[in-house]
1. Working only within the stretch A:264-278, note down all residues that are of a type outside the set (D, E, K, R) and within 13 Å of A:Glu292 (Cα to Cα).
2. Scan A:Glu220, A:Glu207 and give me the residue that is surrounded by fewer than 20 Cβ atoms within 10 Å (Cβ to Cβ) and within 14 Å of another protein chain (Cβ to nearest Cβ).
3. Would you be able to say whether some residue in the stretch A:173-187 is surrounded by fewer than 21 Cβ atoms within 10 Å (Cβ to Cβ), within 13 Å of chain B (Cβ to nearest Cβ) and within 33 Å of the chain's Cα centre (by Cα)?
4. So, B:Gly172, is that one in a loop (DSSP other than H, G, I, E, B) and either touching an Asp or Glu at 6+ places or on another chain (Cβ under 9 Å) or surrounded by fewer than 21 Cβ atoms within 10 Å (Cβ to Cβ) (or both) or not?
5. Tell me which residues, restricted to the stretch A:62-78, are polar (S, T, N, Q) and within 13 Å of chain B (Cβ to nearest Cβ).
6. What is the residue count in the stretch A:330-360 for residues that are assigned to a helix (DSSP H, G or I), among the hydrophobic types (A, V, I, L, M, F, W, C) and surrounded by fewer than 18 Cβ atoms within 10 Å (Cβ to Cβ)?
7. Check B:Ser243, B:Ser183, B:Ser224 and return the single one that is assigned by TED's automatic domain parsing to the domain that holds B:Ile303, at pLDDT below 85 and surrounded by 17 or more Cβ atoms within 10 Å (Cβ to Cβ).
8. Going residue by residue through the stretch B:371-383, is there one that turns out to be assigned to a helix (DSSP H, G or I), within 52 Å of the chain's Cα centre (by Cα), at pLDDT below 90 and within 27 Å of B:Leu26 (Cα to Cα)?
Amino acid sequence: MNAIRNIFKRTGRTLLTVTGISLSIGLAICIFSLSAGIDLSIHTILEESGVDVYVVSRGVPVFLQDLSKPLIESRAISRSLLKNPGIKAAGPRLVDSIYMTGHGPDDFREINAEGKLGLKESKIYHSIGRGRVPEMDGNFGGESLVKGEYLPTRGDPFYQNGTYQGGANSSLFTHEIVLDVYLAELLDVGVGDRVLAAKNPPQSEEEILDWSNNRTIHFEVVGILRESYEGSDMPSCVLHLSEMQYLMGLTHFDKATKIFVEVEAGTDVNDISDWIEEESAFGAELSAYSSEELESDLLDFTDVMRSFGGMITIITTFVSIIFVATIVVISIKERTGEIGILKAIGISSRSVVFLFFTETMVICLLGYLLGLLLGVLGVHIVDYMVISSYDSLPPGLVITKITPGVLGKVTVFAFLISILGGVVPSYLITRVPPITAMRRV
Amino acid sequence: MLKRPGRNIMTILAVMISTSLLISILSITEGMRSRNAASIETGNQDIIITAMGYKEDIPHGREIAESLENDSVNVSFASPMLVSLLFLRYKEYLFSLDPEYQKHLIDGTVNDTLIKVFENNSLTLSNKANLSKIDGGCWEIVDKTNRYRIQYTGTELNIYYSDKPYLVMAIGVIPEKTEQFLSEEKAIRLFGLEMQFNEWFETPGDPHFNDSYKGGYTGEILISDNLFEGIGPKKGDVFTVGSENSQENVTITGTFGSPLSGGGIFGKYFQGILMMHLSELQSLVGAHVVSDTGKVEDRISSIIISVRDEKKDASEIDGIAMELRNDYPFYSVLTKSDQFARVEQRSEIADIFYTSAGTVSLVIGLLFVACIMVINVYERQKEIGVMRAIGISKKTIFTQVFGESFVLIAVGACVGIIPGYFGSDYISDFMCAKYGVEMEITSFSLALVVRCVLYVIVIGCLFSFYPAIKASRLEIIDAMKKP
């Protein structure tokens with residue numbers, strides 16, 4: 001109680017010191033929770049995807065696969081991978097750009113302001129098409145169905161052993177497509193509606209009618225989904241692999257961008273990854289990346305931010321230590337006479353140190369608690385700022401996250417401030433002999 | 001102030017650290033801005049047309065570029081480009097053998113004669129090495145991690161060391177078109193990368209495009225300095241580009257400086273940049289024809305445009321861009337100022353975050369100053385009381401305390417410039433090493449220093465009001481009573 005009374009005797013300096021410590025703690029929480037939020041997002045999005053191993057063309061980094069040449073014989077590779085009992089599912093994927101419209105050819109017969117036949121404004125949108133074979137997919141997730149169903153034809157009948165016979169008019173061409181919520185909104189369509197898709201957009205407005213009549217393939221929207229890993233700037237759709245291949249003009253050699261692999265529970269993912277590259281039938285042509293490797297590679301990108309945030313926190317903590325240490329030294333020096341009297345009446349040095357230690361600890365504890373509040377407030381501000389600045393963030397992205405790890409790190413920093421800034425100076429100064437101290441009364 | 005040197009030194013130290021941190025942090029966003037501004041000022045790329053997608057999504061690229069040049073009264077030059085990933089492989093020439101040695105090239109194993117030949121050329125080949133025939137005139141020896149190629153040239157057997165492939169970012173250009181966009185220093189900024197050319201292509205046109213991609217194949221490539229230095233090519237080495245399955249022999253005709261160092265995060269994904277003739281890159285990556293039908297498609301990634309000299313005014317360029325948007329509604333048409341605004345928008349949030357973090361750190365330092373001044377006022381209450389008693393005004397007391405605080409802050413802020421410079425330099429080096437680039441990431445300018453020091457002083461003055469007001473409001477009687 002004596003310590004607390006002493007603290008409130010000098011309210012001005014106490015308040016300023018507590019504010020300084022709390023700002024330092026609050027800043028540390030914001031910085032650490034930002035790193036933790038992004039790391040958690042990466043981990044969660046990868047985990048939700050359900051993909052254990054990503055298989056791409058030999059030597060190509062998984063992130064850059066979409067810019068490189070596709071895999072050939074993707075179904076044969078996928079089937080060969082299933083020979084390993086540790087692999088539960090292997091699903092080929094072809095990812096490429098598709099231009100789409102939710103309007104039929106008749107909708108384009110508008111006379112625009114200049115009296116020309118065409119559109120008053122662009123109603124053709126770029127999207128990311130994802131070709132898949134539903135029955136070959138494992139429990140790959142990261143997507144939640146909002147309406148309708150997910151490609152009701154489970155197989156890929158149009159493929160017909162690579163013949164793609166009859167083209168888009170074939171009775172085996174399912175014309176099924178699932179849109180993500182952003183694309184459905186852009187195209188202004190719902191389940192059961194018809195959309196037109198093509199590899200290339202028309203070159204000019206004059207070409208729109210020809211484009212919509214002759215260069216597109218129609219699809220029926222069977223479902224609408226939400227992807228946790230893509231934002232609104234990447235509208236996308238899912239269709240059968242062979243239909244995507246046909247749309248892209250890639251009907252030779254069963255091309256795909258990558259193969260997603262799901263391993264059996266209890267199987268070592270890294271062993272499977274090594275097996276694919278070294279022992280599988282097509283291993284010489286493949287590179288396999290485990291989800292752990294991918295996570296580690298993604299964390300490399302955030303490592304700069306983490307190191308930089310850590311540097312800011314360390315420097316700020318150092319300033320706080322100088323702050324607290326100087327104030328403690330000044331406060332104790334003001335009370336040297338008091339220390340002398342206390343020692344002269346027989347109170348041990350340890351008790352005197354304890355008295356000042358308690359005072360410092362109370363100030364640091366108040367700063368820590370206020371810092372936690374400021375940190376929580378700061379985290380909300382950071383969240384708000386990022387979300388309001390970027391309207392196309394993926395729904396699965398967590399900006400900030402106050403984890404036990406974040407609190408642990410912040411507590412260590414608070415502990416450092418209190419020990420180095422408070423306790424050490426208290427201990428050194430209160431070791432003054434009673435006679436010397438009494439002379440200052 | 002000199003009576004209490006210890007506390008004043010600590011105060012100046014805290015302000016100095018906070019200021020240097022602020023300067024170092026803000027030098028990052030300053031660097032972003034100055035790079036952005038420099039890219040706008042240099043080169044004559046006024047407008048860029050790109051595909052909405054992320055691949056080579058503009059079909060009939062040459063046709064569009066030529067129609068822009070021929071039909072428009074606005075455009076001086078238009079150059080189509082393609083960007084893609086490729087493998088650059090090289091076979092380091094080691095030595096040659098008489099064709100008779102073919103009889104020793106037996107599938108599955110290496111014999112003693114071959115091991116001896118390698119020994120004579122200062123190379124070790126183990127008897128466990130595996131030899132395999134690749135095609136009629138090519139064999140491969142795999143010895144642990146070493147791979148050797150033996151190529152029959154018709155007159156002799158050339159032995160090469162097969163090194164690992166380099167994944168590179170390949171840019172396909174029509175040299176005579178792109179050359180128009182080079183600055184006086186032979187530099188160009190493409191896809192966000194500044195490139196400074198030491199040499200240029202020998203063939204100005206793009207002959208392979210003729211006769212539906214059946215024209216002459218030049219095989220000319222320019223590679224980035226870091227790649228050239230990493231490989232260290234010598235006479236006789238053979239270079240190929242392409243994927244695992246389709247490769248074409250190429251010749252290095254020159255090099256260029258680029259920001260890539262080949263290490264760091266970027267180096268993990270691609271090791272350098274390569275430039276080649278547009279049609280040759282298109283053929284390698286399958287952007288030349290429709291895969292199914294073989295019909296010429298000429299797909300490209302972007303077209304850079306330089307407007308006529310008399311139309312270089314920003315508003316004229318905006319007008320031309322608007323026309324292009326109407327003509328090509330399904331492509332993205334960006335002027336330099338659009339690109340600038342885009343980068344500014346992207347860096348805005350980083351700017352706010354860095355400024356906020358720096359300000360919080362600064363506020364801690366300034367709170368320290370305020371706290372020390374509060375203590376000083378507390379310790380000098382009697383002195384202030386005496387001063388007030390002999391007729392010194394409240395305003396003078398206020399000015400004295402405020403001035404003392406101002407001096408501490410100003411000295412700390414000015415001294416903080418020096419560690420701020422080193423901090424900015426360190427951050428630049430740190431980020432360059434992490435990302436694998438060689439460029440000035442941060443910018444330590446006079447404007448930045450002045451802005452930061454003024455910022456520290458202005459905020460510092462706000463914090464100095466509290467102790468100064470406290471001192472000036474002391475009652476004479478109460479102050480005189482203090483010990």
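1. Selection gives A:Val269, A:Asn270, A:Ile272, A:Ser273.
2. After ruling out the rest, the residue left standing is A:Glu207.
3. Looking through the stretch A:173-187, at least one residue is surrounded by fewer than 21 Cβ atoms within 10 Å (Cβ to Cβ), within 13 Å of chain B (Cβ to nearest Cβ) and within 33 Å of the chain's Cα centre (by Cα).
4. For B:Gly172, the condition - in a loop (DSSP other than H, G, I, E, B) and either touching an Asp or Glu at 6+ places or on another chain (Cβ under 9 Å) or surrounded by fewer than 21 Cβ atoms within 10 Å (Cβ to Cβ) (or both) - is not met.
5. Result: A:Gln65, A:Ser68.
6. Of the residues in that region, 3 qualify.
7. B:Ser243
8. The answer is yes, given that some residue of the stretch B:371-383 is assigned to a helix (DSSP H, G or I), within 52 Å of the chain's Cα centre (by Cα), at pLDDT below 90 and within 27 Å of B:Leu26 (Cα to Cα).
The values are calculated or read from the model by the stated rules, or taken from the named source; none is laboratory data. Computed from a predicted model, the values in this text were never measured in an experiment. As a convention, Cβ positions derive from the backbone with ideal geometry for all residues, glycine included, and neighbour counts pool all protein chains shown.
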